[in-house]
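One structure below.
Nothing in this text is a laboratory measurement; each read-out follows from the coordinates by a stated rule. All of these numbers come straight from a predicted model, not from anything done at the bench. For neighbour counting, all protein chains shown are included, and Cβ atoms are generated from backbone atoms with ideal geometry for every residue, glycine included.
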Amino acid sequence: MEIRWLGNSCVEIRSDKNIIVDPNYVVEPEGKFDYVLITHEHKDHIDREKLMKLSYENLLAPSYTMKEYDLEGKEVKPGMEVEGIKVLESWCRNAKESVSYYYQGILHAGDSSKFPSAENIKVVFTACFPELYEEYAAEMQRLNPELVVPIHYDPMEKIKNAEGLKEKLEEKGIKCKIVSVGERLSL
């Protein structure tokens, strides 16, 4: 499996299925996708114009997001599973409706600081708002992932947010890696 952070909250997963989560990217995605997954309706998580540039077969998103952006695809709710992609709860601030996704050990919860439970978590992609470091740390201690990757920050101006979260997590014995936009991680 290969994963890349593409900027904002956008993550590309290449495995049995090719998946892109939250298609508001800074670095261009590569190739075709079996699934586009959208966590919630905020514009830093979905850019309709960028979405339309992608080559994909299926789109999963909460019903509010589908209606707000006039999208075609499958409306999802926590508790659903689509071809091995688990749709879990999410608590994204100020979102009308949000979900998290779990696929082959990868957990993406949008910009929530609270995370759903999942088994055998390899990597958690998380936002890194400084006022929520304690919440992220408590959640990561509970989940016990192999690795945490901070996302959802401006790598030029807000890298300190990712560095601060990394420091807080490492104090608690949680492995954290800051990646560059477009950097590949192999699992």
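Descriptive notes on the structure:
- Mean residue ellipticity at 222 nm, helices only, the chain: -5500 deg cm²/dmol; runs of at least 4 DSSP H residues each add -39,500 (n - 2.57), and the sum is divided by the number of residues.
- Evaluated on the stretch 37-128, the Kirkwood hydrodynamic radius is 13.4 Å, with distances taken between all distinct Cα atoms.
- The stretch 1-52 gives an Rg/Rh value of 0.93, both radii derived from C-alpha positions and Rh following Kirkwood.
- Fewest-first ordering of His108, His152 by other beta carbons within 10 Å of each residue's beta carbon gives His152, His108.
- Karplus-derived HN-Hα couplings along the stretch 34-39 (A = 6.51, B = -1.76, C = 1.60, θ = phi - 60°), whole Hz, x at Gly and Pro: 6, 9, 10, 10, 10, 7
- Pairs from the table (Lys53/Lys166; Lys50/Lys74; Lys53/Lys77; Lys50/Lys168) lying more than 24 angstrom apart at Cα are Lys53/Lys166; Lys53/Lys77; Lys50/Lys168.
- Nearest-ten-degree value, helix 159-171 long axis tilted from longest Cα axis of the chain: 60
- Remark: relative contact order (the chain) = 18 percent; criterion is Cα-Cα distance under 8 angstrom and separation of 6 or more residues.
- Kirkwood radius and radius of gyration were both taken over the C-alpha atoms of the chain, and their ratio Rg/Rh is 0.93.
- 5 angstrom amide H check on Leu88, placed H, neighbours 5+ away: Gly79, Ser100, Tyr101, Tyr102
- Residues whose placed amide H lies under 5 Å from that of Lys96, excluding near-sequence neighbours: Glu41
- For the chain, the dipole from Cβ point charges (+1 on Lys and Arg, -1 on Asp and Glu) about the Cα centre works out to 200 debye, to the nearest 20.
- Think of the stretch 2-178 as a dipole: +1 on every Lys or Arg Cβ, -1 on every Asp or Glu Cβ, centred on the Cα centre; then among Leu59, Asn18, Pro130, Pro130 lies furthest on the positive end.
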